1. Where the convex hull is taken over the Cα atoms of the range 29-69, what is its projected area averaged over directions, in nm²?
2. Averaging sequence separations of C-alpha pairs under 8 Å and six or more residues apart, then dividing by the length of the chain, give the relative contact order as a whole percent.
3. Report, in debye and to the nearest 20, how large the dipole of the chain comes out about its Cα centre when Lys and Arg carry +1 and Asp and Glu carry -1 on their Cβ.
4. For the chain, what does the accessible surface come to per residue with a 1.4 Å probe? Please give it in Å².
5. At 0.36 nm per residue, minus the direct Cα-Cα distance, what do Glu43 and Arg31 gain on full extension? Give it in nm, one decimal, please.
6. So if we plug the beta-carbon distance of Glu2 and Ala55 into 1/(1 + (r/R0)^6) with R0 = 25 Å, what FRET efficiency do we get, rounded to 0.05?
7. With viscosity set to 0.890 mPa s at 25 °C, what whole-number translational diffusion coefficient in µm²/s follows for the chain from Stokes-Einstein and a Kirkwood radius over Cα pairs?
8. Multiply the residue gap between Gln20 and Val65 by 0.36 nm, knock off their C-alpha separation, and tell me the result in nm, one decimal place.
Amino acid sequence: PEERVNAIAATLRCPTCRSQSVADSESAAARSIRVEIARRVEEGQSADEIRTAMAATYGDDIQLVPSGSGF
């Protein structure tokens with residue numbers, strides 16, 4: 001589960017420092033998001049569900065990897 005949490009956190013931008021992923025940042029916001037990701041992983045949510053939930057909370061610009069939708 002820890003590897004899965006890190007993999008998901010690596011796809012999200014830290015809302016505080018903006019230049020690092022949630023996986024790399026040591027800010028309080030990034031730590032909080034990692035805890036939330038871990039909780040959701042334990043609940044059995046998919047990576048896409050977790051990223052969608054984080055975008056709903058922090059805005060779409062939290063995504064480091066753009067969605068595959070569009071043209």
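1. Values: hull surface 11.9 nm².
If you wrap the Cα atoms of the range 29-69 in a convex hull and average its projections, you get 3.0 nm².
2. Details: 77 pairs, mean separation 23.4, N = 71.
RCO, the chain: 33 percent.
3. Numbers: 8 positive and 11 negative charges, 30 e Å.
For this selection, approximately 140 debye.
4. Numbers: 4420 Å² over 71 residues.
Here the per-residue accessible area is 62 Å².
5. Details: separation 12, 0.36 × 12 = 4.32 nm, distance 1.87 nm.
Gain on extension, Glu43 to Arg31, equals 2.5 nm.
6. Values: r = 23 Å, r/R0 = 0.91.
So, using R0 = 25 Å, E works out to roughly 0.65.
7. On the way: Rh = 11.9 Å.
Translational diffusion coefficient: 206 µm²/s.
8. Working: separation 45, 0.36 × 45 = 16.20 nm, distance 1.28 nm.
Value of the extension gain: 14.9 nm.
The values are calculated or read from the model by the stated rules, or taken from the named source; none is laboratory data. None of the values given here were measured: they were computed from a predicted structure. As a convention, Cβ positions derive from the backbone with ideal geometry for all residues, glycine included, and neighbour counts pool all protein chains shown. Ligands, DNA and RNA are excluded from the accessible area calculation, which covers all protein heavy atoms including side chains. Shrake-Rupley method; radii C 1.70, N 1.55, O 1.52, S 1.80 Å.
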